[in-house]
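The next block holds one structure in the form of structure tokens; read it before the comments.
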Number of protein chains: 2
Amino acid sequence: MPIIPARLLDLLSDEKKAFASLALTLADGLPQVTPIWFSWDGTHVILNTARGRVKDRVMKRGGKVALLIVDPADPYRYLQLRGRVIEESEDGAYDTICDLQLKYRGNRDYPRRPGEVRVTYKILPETIFPRQ
Amino acid sequence: MPIIPARLLDLLSDEKKAFASLALTLADGLPQVTPIWFSWDGTHVILNTARGRVKDRVMKRGGKVALLIVDPADPYRYLQLRGRVIEESEDGAYDTICDLQLKYRGNRDYPRRPGEVRVTYKILPETIFPRQ
């Protein structure tokens, strides 16, 4: 399994609060890129969205994603990850978005919206740039 | 043609120095996302790369790109553009990368590398988010 270069590991930390740019290939082959909150469990990138959104539909369909994570303090420090969805789950997914709200907003009060079902995706990086 | 919301036009300005996240679909259908310098001529996003790089090969092949441009001062202010390559040219392309070097680095001294041929791409946005 590829390794995240030690000098860039801080980009994945909760303290850094970096956003990810998530790139997907839509059903018609067109690229899409959206900003997204993420967390890192030491092996996987954890994403969370709501059922039915474009991100949810595409990640289920293909499972291949690319992520760009840039240091908010220095645009020349970044990680590019390519990988695949190895797990998707609704179990505990509202808790996961609250964890992300804590990372990025400093509180766990993520709004509950009527009818919204959260889903968590676990991404396994398969290609990492830079390599060291 | 879609319009850039006036309240977000500053993200495209030279003064803002925002980077773009450029998403492409590779030949095998996989998504890729890379950081890139850009400029805005009022209608098109201008990109510049070197012949033979992945970006160059893919932009020639398909011509469809997605861009995410985030305010370096506020990650919740961003533009998502999807569009297509309407022009690619080697004419003046070294001058264009020097213009970009001026925008981002404050000088025009972009290094000339032996054998490197620069190419400029003009992207016409076809879908813009947010809409207003």
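Every number in this text was worked out from the coordinates using simple rules, so none of it is lab data. Everything quoted here is computed from the prediction, not taken from an experiment. Because the Cβ atoms are built from the backbone with ideal geometry, glycine has one as well, and the counts that use them run over all protein chains shown.
Give, as a single signed number, the net charge of other residues whose beta carbon lies under 14 Å from the beta carbon of residue A:109, with Lys and Arg counted +1 and Asp and Glu -1. Surrounding charge for residue A:109 is +3.
Here each label is just a point 7 Å from Cα along the line to Cβ, and for residue A:95 and residue B:124 those points are 5.2 nm apart.
For the pair the range B:90-108 / the range B:1-26, the C-alpha centres are spaced 18 Å from each other. Our summary of shape: the Cα atoms of chain B have principal axis extents of 44, 38, 24 Å, ordered from largest down, in whole angstrom. Cα convex hull, the protein assembly as shown: 144 Å³ per residue, rounded to a whole number. Straight-line cross-link reach from residue A:17 at under 16 Å between alpha-carbon atoms covers these lysines, not counting any fewer than eight positions away in the same chain: A:103. As a proxy for reagent exposure, B:71, A:41, B:99 were ordered by neighbouring Cβ count within 10 angstrom, fewest first; the result is A:41, B:71, B:99. Taking other Cβ atoms within 10 Å as a rough exposure proxy, B:60, A:16 sort from fewest to most as B:60, A:16.
Net charge within 14 Å of residue B:7 by Cβ-Cβ distance, Lys/Arg positive one each and Asp/Glu negative one each, not counting residue B:7 itself? Once positives and negatives cancel, what remains is 0. Working from label points 7 Å from Cα in the Cα-to-Cβ sense, the residue B:116 to residue B:131 distance is 4.2 nm. With label points defined 7 Å past Cα in the direction of Cβ, position residue B:102 shows copy-to-copy spacings of 5.0 nm, given to one decimal and shortest first. Each residue of the range A:115-126 is assigned a 3J(HN,Hα), and the resulting list reads x, 7, 10, 7, 9, 10, 10, 10, 9, 9, x, 10 Hz, derived from the Karplus form 6.51 cos²θ - 1.76 cosθ + 1.60 (θ = phi - 60°), x at Gly and Pro. Note on residue B:122: aspartates and glutamates with a C-alpha under 15 Å away, same-chain residues under 8 apart excluded, are B:41, B:56, B:87, B:88, B:90, B:91, B:95, B:99. When only Cα pairs below 8 angstrom with a gap of at least 6 residues are kept, chain A shows a relative contact order of 31 percent.
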